[in-house]
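The values are calculated or read from the model by the stated rules, or taken from the named source; none is laboratory data. The structure displayed is predicted, hence computed values, not measured ones. Quick reminder, even Gly has a Cβ in these numbers, built from the backbone with ideal geometry, and neighbours come from all protein chains shown. Quick note on the areas: whole protein, heavy atoms, side chains included, nothing else; ligands and nucleic acids left out. Shrake-Rupley method; radii C 1.70, N 1.55, O 1.52, S 1.80 Å.
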Amino acid sequence: MEEPQRARSHTVTTTASSFAENFSTSSSSFAYDREFLRTLPGFLIVAEIVLGLLVWTLIAGTEYFRVPAFGWVMFVAVFYWVLTVFFLIIYITMTYTRIPQGLCFNGSAFVLYLSAAVVDASSVSPERDSHNFNSWAASSFFAFLVTICYAGNTYFSFIAWRSRTIQ
């Protein structure tokens, strides 16, 4: 036995707030650069984020507190990972046209990541803690790869800065 379909009554009330109107009009002023991730600097930033994430998660998953040098590596890796995610958002939204370029950021990231990679590599020893050795060795490898990415972005930032100062 099937029940007969009953007509249903629905009332929908919508309201508009001034916050929603202000939000929608102000967000439309942001540009979105879909092509940035296809450029070499965009690719390098994505590589820095992925490889940097590998560096600090490989160390964080171990008992790194037993080796004080890994504290420095963790600081550099997490600090620049967060800032690089921030800069990716700035580049994708094209906010960088309103603020200065990242030559100082990329240059400092290169220098500090190089020091962290050297500290990381020199602290890896199978005698020190054998069950963490593979994670620490992998983090050292990825730290050097991130250093190379930051060096590339430092070069591109320098070229962009130099072309603006010559004009």
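Values computed for the structure shown
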| item | result |
| --- | --- |
| Flag for residue 145 being at pLDDT 85 or above, open to solvent by less than 90 Å² (accessible area, probe 1.4 Å), farther than 26 Å from residue 38 by Cα and more than 14 Å from the chain's Cα centre (by Cα) | no |
| Only one of 83, 114 that is part of a helix (DSSP H, G or I), open to solvent by 30 Å² or more (accessible area, probe 1.4 Å) and under 16 Å from residue 46 (Cβ atoms) | 83 |
| Every residue from segment 36-64 that is buried (at least 19 other Cβ atoms within 10 Å of the Cβ) and among the small types (Gly, Ala, Ser) | 52 |
| Boolean, residue 90 is open to solvent by 30 Å² or more (accessible area, probe 1.4 Å) and either modelled with pLDDT of 80 or more or within 19 Å of residue 48 (Cα to Cα) (or both) | no |
